[in-house]
Amino acid sequence: MLDTSEYSGSSKSQRGIIVGLDPGMTVGVAILDLSGEILSVNSCKEVSRAEITKHIISFGKTVLVATDVHQAPKMVKKMAAALNSKIYAPYRDLAVSAKTGMVDDYIHYDNRFLVHRSGDVEPVSLPRNAHERDALAAAIQGYKKYQKKLEQIERRALDLDIPQSMVDGVKIMVINEVPITKALNAIIEKIKHDSIPTTATNEKESYPKKRDSNGISSISSSKNGSEIIYGLKNKLKSQQKQIRNLQNKNSIMDNDLQKYQNEISQLEHKLERLQYEYSQNILHQKEIATKKAIIRGLQEKYNYEKGLRQELEDQLKSIKRIRAMELSREASPVKIVESFSKDAIREATGSWNIKRGDVVLLKSSEGGGSQTAALLVGLGVKAVLTTDKMSHQAKEEFEKHMVPLIELDRVDLEMADDFAVIRSQDLEREIAQWKQNQEERKKKEEKNKLLKIMDDYRAQRKRSTNNY
């Protein structure tokens with residue numbers, strides 16, 4: 001059961017309190033006065049709303065019912081309605097770590113304390129469980145929302161000599177959205193109104209008195225008394241006028257201050273929302289940038305694969321065409337040698353298995369001599385296609401072993417990647433032409449050689465005849 005015996009005196013009905021509630025199967029209740037002191041922290045399982053209400057009103061008049069979640073629970077709304085109080089809910093739900101830190105700081109660092117009905121003061125060791133912690137955190141949060149105004153009221157009440165017992169009345173009005181100056185003026189007027197019946201007696205006692213020899217007091221002479229009263233009245237009027245002027249200035253300044261504080265509060269809430277939205281936007285932008293990078297990478301890979309596929313399709317078409325020509329015996333394969341060097345010939349031989357009867361293409365004929373030509377001759381190639389001028393020694397080596405040398409621009413060569421084909425009809429025609437040219441060259445050389453022998457013989461005969 002909740003303890004309702006504390007603060008049951010009649011004077012507590014004027015005390016303003018802030019109540020923190022944590023509803024549920026186990027209800028947590030925390031109560032602070034309007035100076036921020038912790039009056040009670042309690043919790044109870046399966047307690048009725050009537051018992052909670054009785055417990056709360058035993059401490060004073062509830063000004064604020066606070067919760068630790070943004071959407072106030074139904075029980076909090078019903079309790080606030082029953083206690084004729086405002087509701088405080090935070091901008092967003094309080095995290096457990098935030099509530100724990102807030103309670104610890106408030107108890108240990110702000111030097112708050114728990115007041116017992118005996119009037120003794122004892123250091124707080126709170127809360128005992130999570131329900132009490134959540135209720136106390138809600139009450140602390142509600143108090144901190146109005147803390148600056150409440151402390152300002154205490155300072156101004158002290159300057160205006162307002163009794164401490166009436167300060168809570170000002171605080172209650174301010175929490176209920178009455179401007180501070182207006183609330184203070186209302187309390188001052190109440191004080192003046194309550195003091196009217198005793199004013200005459202007090203004034204009489206305050207006037208200058210003289211005592212006779214018997215100790216009996218009497219009012220000063222009529223003339224002196226009138227002058228004193230007139231001077232005091234003028235002074236009172238001047239002070240009242242000054243007070244009114246100061247009160248008007250204070251009212252204007254309080255209104256401006258209230259306006260600025262409201263603007264600051266709105267800007268702080270707006271800034272908090274913007275910071276949250278900004279952080280969410282940054283995360284969203286990072287996610288978009290990551291996805292764009294992935295899409296860009298996939299697009300590049302797709303374009304590369306697409307180009308490679310197109311290239312392979314083109315090669316496949318060429319291979320099919322070449323294969324068709326080979327099968328129809330209309331074309332002969334040509335094996336390619338990158339350069340006219342021993343290393344390139346050996347590499348091509350290993351890659352393409354160059355053998356007797358093959359046709360090879362020299363992409364470059366430069367640098368090779370008779371020994372390089374001898375490697376191809378030794379392989380037994382059928383013909384050599386050339387793209388440029390070959391050295392005289394290499395050319396003689398091929399001609400010596402009757403290996404045809406055919407210029408590339410004389411034939412129609414079909415290329416496909418690292419190999420090619422030549423029309424068989426063109427190849428045989430060029431080989432026959434090359435052989436015919438070689439035979440004609442040899443006949444011409446033999447004829448020239450025979451004519452030279454005959455010329456030498458005639459010259460020798462002529463020299464012999466002249467000698468005789």
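Just the residues that are assigned to a loop (DSSP other than H, G, I, E, B), closer than 22 Å to Leu64 by Cα and modelled with pLDDT of 90 or more, please, taken from the stretch 94-142. Selection gives Ala95 alone.
Considering each residue of the stretch 334-356 in turn, at least one proves to be surrounded by 18 or more Cβ atoms within 10 Å (Cβ to Cβ), in a strand (DSSP E or B) and of a type outside the set (A, V, I, L, M).
In this structure, does Ala373 turn out to be in contact with a Phe, Trp or Tyr (Cβ under 6 Å, 6 or more places away or on another chain), part of a helix (DSSP H, G or I) and touching a residue at least 12 places away in the same chain (Cβ under 8 Å)?
Taking the combined requirement at face value, the residue satisfies it.
Between Val174, Val167, the distinction of being modelled with pLDDT of 80 or more, closer than 19 Å to Ile17 by Cα, open to solvent by less than 40 Å² (accessible area, probe 1.4 Å) and out of contact with any Phe, Trp or Tyr (no Cβ under 9 Å at 6 or more places or on another chain) belongs to Val167 only. Residue pairs whose Cβ atoms lie under 8 Å apart, sitting 6 or more positions apart in sequence or on different chains, and linking a residue in the stretch 70-85 that is over 21 Å from Val174 (Cβ atoms) to a partner that is open to solvent by 70 Å² or more (accessible area, probe 1.4 Å) and among the aromatic types (Phe, Trp, Tyr), are His70/Tyr91.
The values are calculated or read from the model by the stated rules, or taken from the named source; none is laboratory data. If you're wondering where the values come from, they're calculated on a predicted model, not measured in any experiment. FYI the Cβ positions are ideal-geometry reconstructions off the backbone, even for glycines, and counts take in every protein chain you see. With ligands, DNA and RNA removed, areas are computed over all heavy atoms of the protein, side chains included. Shrake-Rupley method; radii C 1.70, N 1.55, O 1.52, S 1.80 Å.
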